[in-house]
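See structure below.
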Amino acid sequence: MENYLYTCAYCGKQYKPRRRRKQKYCCNSCRTNAFNAKKKISLAKPETTQPENQLQKIDKMSWAGVGNAAAGTLAVNALSGLLTREENKPATKKDIKEIKALLSKRYHEVLNMDLDSYGSEPYYDMETKNIVYLKSGNYGI
Ligand SMILES: [Zn+2]
């Protein structure tokens with residue numbers, strides 16, 4: 001029998017090993033507790049690393065002034081606020097349709113010019129890149 005005392009890896013108590021083979025803990029409950037504690041740490045890991053991942057993404061986008069996870073969250077909020085601002089909203093199918101319709105139109109009304117002597121309205125001709133005077137109602141305008 002060994003007289004050597006082991007120190008429990010969980011509670012730190014000194015104990016006399018019951019078996020000759022190497023024992024880490026003084027009792028079964030310490031062994032179980034130590035095992036559960038390890039499990040908890042490994043389970044908690046993905047949650048704690050998530051803000052860091054966000055931080056890295058922000059760094060890649062060269063978002064300045066991100067020092068810690070809290071600032072990172074603020075930056076993410078500020079960034080998403082910026083991206084959802086009216087003028088930065090991604091173009092919808094409707095927007096693209098409107099843009100296409102606008103580009104396919106040859107004549108565009110010029111608002112800061114007066115009518116000509118015949119009462120025709122000024123239009124910008126997309127093809128000739130000239131101002132032309134047209135009677136409204138013509139050319140499908
Ligand atoms: Zn113990």
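Readers should treat all values here as calculations from the given coordinates under stated rules, not as data from a laboratory. These numbers come from a predicted model, not from an experiment. Counting neighbours? That spans all protein chains shown, and the Cβs are built from the backbone with ideal geometry, glycine included.
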Rough spin-label spacing in nm, given labels placed 7 Å along Cα→Cβ, for Val110 and Cys27: 9.6
Charge dipole magnitude, Cβ of K and R +1, D and E -1 - segment 91-141, Cα centre, debye nearest 20: 400
Output ³J(HN,Hα) for segment 113-125: one whole-Hz value per residue in order, computed from phi by the Karplus curve 6.51 cos²θ - 1.76 cosθ + 1.60 with θ = phi - 60°, and x for Gly and Pro. 10, 7, 5, 7, 5, 9, x, 7, 8, x, 10, 8, 8
Rg/Rh for segment 91-141: what does it come to with C-alpha atoms and Rh from Kirkwood? 1.07
